[in-house]
């Protein structure tokens with residue numbers, strides 16, 4: 001389905017009647033790109049923008065006709081089509097943070113083979129601690145709902161692998177910038193929160209990772225990668241990576257880089273839809289689940 005254009009999504013032309021604020025910013029610049037010069041961005045006020053988001057969300061009316069369930073906690077979970085997963089499924093989950101409830105449930109409920117990717121040191125530590133919880137070696141130190149999701153058969157761990165690398169459109173080393181809140185775990189190659197602290201880590205493209213694990217196709221890919229989703233989605237579409245279900249969090253909803261952030265989200269959704277996918281689910285925070293058209 002083509003992402004529908006709407007008067008609600010066009011940038012207003014008049015400041016007097018639109019409730020806009022004007023601020024100087026830079027256009028979005030990915031690692032390895034040349035930065036554009038500064039320009040003015042017309043950014044809608046909060047109430048007007050929330051109204052546009054609501055209308056835009058409902059503009060994606062056509063949905064895949066498949067049953068849906070939600071796996072994982074309210075924070076780390078996703079809505080998927082259960083009929084598309086089984087014990088032969090291979091799932092790549094990029095972005096673990098400190099909640100792998102969705103990843104664990106993919107392996108527990110469907111018997112899927114799950115590979116979890118995250119170069120963040122705290123994410124690696126959480127994965128190790130979650131493993132000890134699942135094996136009943138320690139009492140669960142996490143919040144109650146997360147502990148409930150980790151209360152699974154310890155044998156599930158044989159179907160989950162952790163790799164401390166990130167995903168990108170090429171194989172390289174990138175800087176991962178810290179969040180403003182030191183208690184938060186998610187780092188961003190796009191530096192969504194405009195901080196100066198970072199660590200460097202290896203990133204790989206999907207073709208490289210699939211060759212490493214000898215996978216020819218993927219049942220599900222989760223992208224919770226703090227702004228890197230734009231480049232990775234472009235790569236997936238350009239390379240025609242065979243993926244049955246795509247779960248994508250568009251992180252600029254929480255930390256927009258400029259007033260054109262929703263145009264980027266809308267363009268990315270449209271690109272995926274034009275590349276042979278249908279929308280299965282979209283929530284109020286623009287966490288989107290796509291399924292390939294042959295699955296619906």
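Under the condition of being in a helix (DSSP H, G or I) and touching a residue at least 60 places away in the same chain (Cβ under 8 Å), which residue from the stretch 202-212 is farthest from residue 287 (Cα to Cα)? Reasoning before the result, please.
Of the residues in the stretch 202-212, the ones in a helix (DSSP H, G or I) are 206-212.
This time we only want the ones that are touching a residue at least 60 places away in the same chain (Cβ under 8 Å), so: 206, 209.
Values: 206: 21, 209: 24 Å.
Once the filter is applied, the top-ranked residue is 209.
Could you go through the stretch 114-125 and let me know if any residue there is buried (at least 16 other Cβ atoms within 10 Å of the Cβ), out of contact with any strand residue (DSSP E or B) (no Cβ under 9 Å at 6 or more places or on another chain) and either part of a helix (DSSP H, G or I) or on the phi < 0 side of the Ramachandran plot (or both).
Within the stretch 114-125 (the criterion being buried (at least 16 other Cβ atoms within 10 Å of the Cβ), out of contact with any strand residue (DSSP E or B) (no Cβ under 9 Å at 6 or more places or on another chain) and either part of a helix (DSSP H, G or I) or on the phi < 0 side of the Ramachandran plot (or both)), the answer is no, since none of the residues qualifies.
From the list 146, 192, pick out the single residue that is surrounded by 14 or more Cβ atoms within 10 Å (Cβ to Cβ) and in a helix (DSSP H, G or I). Step through it out loud before you land on a result.
On the way: 192 fails: in a helix (DSSP H, G or I).
Only one candidate passes the filter, namely 146.
Going by the structure shown, is residue 215 surrounded by fewer than 18 Cβ atoms within 10 Å (Cβ to Cβ), in contact (Cβ under 8 Å) with a residue 12 or more places away in the chain, farther than 18 Å from residue 97 by Cβ and touching a strand residue (DSSP E or B) at 6+ places or on another chain (Cβ under 7 Å)? Give the steps one after another, and end with the answer.
On the way: surrounded by fewer than 18 Cβ atoms within 10 Å (Cβ to Cβ): yes; in contact (Cβ under 8 Å) with a residue 12 or more places away in the chain: yes; farther than 18 Å from residue 97 by Cβ: yes; touching a strand residue (DSSP E or B) at 6+ places or on another chain (Cβ under 7 Å): yes.
So residue 215 fits the description; yes.
How about the stretch 281-294: which of its residues are out of contact with any helix residue (DSSP H, G or I) (no Cβ under 6 Å at 6 or more places or on another chain) and within 9 Å of residue 245 (Cα to Cα)?
289, 291, 292 - these are the residues of the stretch 281-294 that are out of contact with any helix residue (DSSP H, G or I) (no Cβ under 6 Å at 6 or more places or on another chain) and within 9 Å of residue 245 (Cα to Cα).
Of the residues in the stretch 88-113, how many are assigned to a helix (DSSP H, G or I) and either under 16 Å from the mean Cα position of the chain (by Cα) or free of Cβ contacts under 8 Å to residues at least 60 places away in the same chain (or both)? Reasoning before the result, please.
Keep residues of the stretch 88-113 that are assigned to a helix (DSSP H, G or I), which gives 101-110.
With the extra rule that they be either under 16 Å from the mean Cα position of the chain (by Cα) or free of Cβ contacts under 8 Å to residues at least 60 places away in the same chain (or both), the set shrinks to 101-105, 107-110.
Of the residues in the stretch 88-113, 9 are assigned to a helix (DSSP H, G or I) and either under 16 Å from the mean Cα position of the chain (by Cα) or free of Cβ contacts under 8 Å to residues at least 60 places away in the same chain (or both).
Just one of (1) touching a helix residue (DSSP H, G or I) at 6+ places or on another chain (Cβ under 7 Å); (2) crowded, with 19+ Cβ neighbours inside 10 Å; (3) not in a loop (DSSP other than H, G, I, E, B) trips up residue 227, so point out which.
Among (1) touching a helix residue (DSSP H, G or I) at 6+ places or on another chain (Cβ under 7 Å); (2) crowded, with 19+ Cβ neighbours inside 10 Å; (3) not in a loop (DSSP other than H, G, I, E, B), residue 227 violates only (3).
Here, each number is a calculation from the coordinates, and none is a lab measurement. What you see is a predicted model, and the numbers here were worked out from it, not measured in a lab. FYI the Cβ positions are ideal-geometry reconstructions off the backbone, even for glycines, and counts take in every protein chain you see.
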